[in-house]
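Student: The following block contains the structure, expressed as structure tokens.
The values are calculated or read from the model by the stated rules, or taken from the named source; none is laboratory data. This is a predicted model, so every value here is computed, not measured. When we count neighbours, we look across all protein chains shown, and the Cβ atoms used for this are built from the backbone with ideal geometry, even at glycine.
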Amino acid sequence: MRGIRFLGDRRSEIIDYPDDEPGPGYVLLKMRSSGMCGSDLHRYRVPFSDEELAKNPIRPGHEPCGEVAMIGPDVTGLKIGDRIMQHHYDGCRNCDFCNTGWQQLCRWPGRAVHCSGRHGGHGDYMLAHASTCLPLPDELTYEVGAYLACGASTAFHGLKKLQLSGLDTIAIFGAGPVGLAGVMFAEAMGARVIAVDISGERLEMAKAAGAWEVVDNSDGSAVEQIIDLTYGEGADATLEAIGIHATRLAAVQSTRVFGRCCFVGEGGDFHVLPSPDIIHRHLTLVGSWTFSTHGLIEAARFTARRQVPLETLITDRISLEDAPAAYEKFEAGAPGKFVINWN
Ligand SMILES: [Zn+2]
Ligand SMILES: [Zn+2]
């Protein structure tokens, strides 16, 4: 079977991997769509040591969506051909976190993410534990299932933590794949959205996705612009989907008194003056890291039943052979969602 291998320093190639067979509790998924997510770029960009390059490579891709192709022993409730979104974590399956579908919080040393400690979705097939295989609603395509398997559902659950409603104006920082899905979900939840980015192309996509207003933050004036748009008060809620200090601080400072702010953008750092920025403004500041297995089902059902058109945010549909070139384009900051599709 074929799959991508990251080589470090923004290089990747397609190689042959050994075929896999599912052991007890596992199934083999035939991949139908595998999304490229912003957090894949951390591993794509870093230089690899000679030692790292000599190791057996692990296939990247943590937005896997496909169909059951082979079933290992002791698997119940799945059959060949089932359409699956894969929850891309593997844990001990015994602790409270694993038992409630939060394998990413498991403390077992052997816990892993599909894309680093286990093979991910950027190959013709992948092994997945049956407990991580969740039904893709009939109404949704495989590529929308892939988008939901990390990026889109991360936005959905950040918004859910903010308890968003039609009373709210929310400012969403970042109009990449996570932020754009956030624009659509927030609108579907009834809120009015201000989208913030420094790219005109991304802001155009945010407008098309339903944003009420867009804010170009190229000059660093997002806080002032959001306060102007909200009658001098600030946004009722803010979602930060970039992961750098400046936009985190701007998200906090553009949230109104008694408002709510949620961070989903990973990495980087954050320095804040607690008294003026948080305490004296009665701010509720929360973090949100992906979602549980049930959370993935919940986001997919919402997408299907409210007909949230996530597919319109997919700009690049790539074959596996063309994925190394697509990674270069994605890494360079091209707007929109990239997915690798198999026919
Ligand atoms: Zn566990
Ligand atoms: Zn991701």
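Student: For region 226-282, what are the residues that are part of a loop (DSSP other than H, G, I, E, B), more than 19 Å from ILE198 (Cα to Cα) and acidic (Asp, Glu)?
Tutor: GLU233, ASP269, listed by residue number.
Student: Let me ask something else about it. Has region 25-48 got any residue that is in contact with a Gly (Cβ under 8 Å, 6 or more places away or on another chain), among the β-branched types (Val, Ile, Thr) and part of a loop (DSSP other than H, G, I, E, B)?
Tutor: Yes.
Student: Quick check on region 256-279: of everything there that is touching a Gly at 6+ places or on another chain (Cβ under 6 Å) and hydrophobic (A, V, I, L, M, F, W, C), which residue is nearest to THR169 (Cα to Cα)?
Tutor: So the residue we want is CYS262.
Yes/no matrix, rows are residues, columns are (1) of a type in the set (D, E, K, R); (2) within 18 Å of GLU328 (Cβ to Cβ):
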residue	(1), (2)
ARG32	yes, no
ARG43	yes, yes
ALA69	no, no
ASP82	yes, no
ASP90	yes, no
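Student: Of all residues in region 102-116, which are within 14 Å of ligand 1 (Cβ to nearest atom) and either farther than 22 Å from MET36 by Cα or surrounded by fewer than 24 Cβ atoms within 10 Å (Cβ to Cβ) (or both)?
Tutor: If the condition is that a residue be within 14 Å of ligand 1 (Cβ to nearest atom) and either farther than 22 Å from MET36 by Cα or surrounded by fewer than 24 Cβ atoms within 10 Å (Cβ to Cβ) (or both), then TRP102, GLN104, LEU105, CYS106, ARG107, TRP108, PRO109, GLY110, ARG111, ALA112, VAL113 are the ones that fit.
Student: Residues in region 50-67 that are assigned to a loop (DSSP other than H, G, I, E, B) and under 21 Å from GLU331 (Cα atoms): how many?
Tutor: Residues that pass the stated criteria total 7.
Student: Given the conditions (1) surrounded by fewer than 22 Cβ atoms within 10 Å (Cβ to Cβ); (2) of a type outside the set (Asp, Glu); (3) more than 16 Å from ligand 1 (Cβ to nearest atom), and given that ALA130 satisfies all but one, which numbered condition is not satisfied?
Tutor: The failed condition is (3).
Student: So, one more: Kindly establish whether ALA54 is hydrophobic (A, V, I, L, M, F, W, C), assigned by TED's automatic domain parsing to the domain that holds VAL113, away from ligand 1 (no atom under 16 Å from the Cβ) and at pLDDT below 95.
Tutor: Judged against the criteria, ALA54 is a match.
Student: Still on this structure, I have one more. Looking at (1) more than 16 Å from ligand 1 (Cβ to nearest atom); (2) farther than 21 Å from LEU296 by Cα; (3) without any contact (Cβ under 8 Å) to a residue 40 or more places away in the chain, find the lone condition where GLY81 falls short.
Tutor: (2)
Quick grid of which residues meet (1) within 15 Å of ligand 2 (Cβ to nearest atom); (2) under 16 Å from LYS30 (Cα atoms); (3) charged (D, E, K, R):
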{"position": "LEU127", "(1), (2), (3)": "no, yes, no"}
{"position": "GLY145", "(1), (2), (3)": "yes, yes, no"}
{"position": "CYS150", "(1), (2), (3)": "yes, no, no"}
{"position": "GLY190", "(1), (2), (3)": "no, no, no"}
